[in-house]
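Worksheet: the structure to be examined is printed underneath.
Please treat every number below as a calculation from the coordinates, not as lab data. Quantities reported herein were computed from a predicted structural model and do not represent experimental measurements. No Cβ is skipped: glycine too gets one built from the backbone with ideal geometry, and neighbour counts run over all protein chains shown.
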Amino acid sequence: MNSFVEIVEEIKNIISSEFDSKKIFDKDVADVLGISQMNFATMKKRNKIPFEALLDFCAKKSISINWLLYGQSPESLVEATNRYYMVRYFSDVNASAGGGADEQCEEIEELEIPEQFVFMLGGEKELKNIEAINVSGDSMEPTFSYNDIVFINRTKTDLNRGGIFTIRTEAGLFIKRVQKRLDGKLDIISDNQVYSTQVLDPQEVEVVGRVVSRFGDVD
């Protein structure tokens, strides 16, 4: 997969005709993608690809996301298109890896994933149980970061073995590492050590599903 810097340079080439031969800066690319300059600088430093913003950009420009990410021409993908799969993507839903998020879903889209990614989601038979949502906040860094797209298997709600889950509490929708305690309560853990562990009773937590992967795990 192309690096963040390489993708930015390609975008500069794409939008150059809109700038009348003027020099194009990173801030111009950030504006085109609808990303704040601060978030853009952070993503560039960490090589975090803003997949959702790129998908929107490619749709508006009628160009292939595969060409932008991998340098693949549309012609080379014709045969491979039949080997792509779709999962439900709740583009308006943000599960917080920080201070809580509201679940306000207005649109359900389809997110295209490559065949080699399917096995990471549990195989083709599991796709009907998979949903994709967005991450906001930084409490699960470095595992997940702001604007990541994560995949949830809604049938996997058993907390006995622990793991990373999307959960709903009275404070909102979260992505957290959850572990059962010997006393029956739940440790709600952030991977970012800046955040302290919460202890909740099981009845205070609704398990939406286990987080099984994130967009970008296949390079």
Relative contact order (%) - criterion: Cα under 8 Å, at least six apart; region: segment 83-219: 25
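Using the eigenvalues of the Cα gyration tensor, what equivalent ellipsoid semi-axes result for segment 1-74 when each is taken as the square root of five times the eigenvalue, whole Å, largest first?
17, 16, 11
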Which of the listed residues, Met140, Ile108, Ala53, is farthest toward the dipole's positive end in the chain, when Lys, Arg count +1 and Asp, Glu count -1 at the beta-carbon? Met140
Please report, in debye to the nearest 20, how large the charge dipole of segment 83-219 is about its Cα centre when each Lys and Arg carries +1 at its beta carbon and each Asp and Glu carries -1 there. 660
Based on the alpha carbons, how large is the Rg to Rh ratio for segment 83-219 when Rh follows Kirkwood? 0.96
Using a Gaussian network model on the chain with a 10 Å cutoff between Cα atoms, which of Gln203, Gln116, Gln179 fluctuates the most? Gln203
Hey, what did segment 1-74 get for relative contact order, percent, Cα under 8 Å, at least 6 apart? 37
For the Cα atoms of the chain, what angle does the longest principal axis make with the long axis of helix 4-15, in degrees from 0 to 90, nearest 10? 40
Acute angle (nearest 10 degrees) that the helix 37-46 long axis makes with the longest principal axis of the chain, alpha-carbon atoms: 80
Using helices alone, I'd like the mean residue ellipticity at 222 nm for the chain: each DSSP H run of four-plus residues gives -39500 (n - 2.57), total over residue count, nearest 500. -6500 deg cm²/dmol
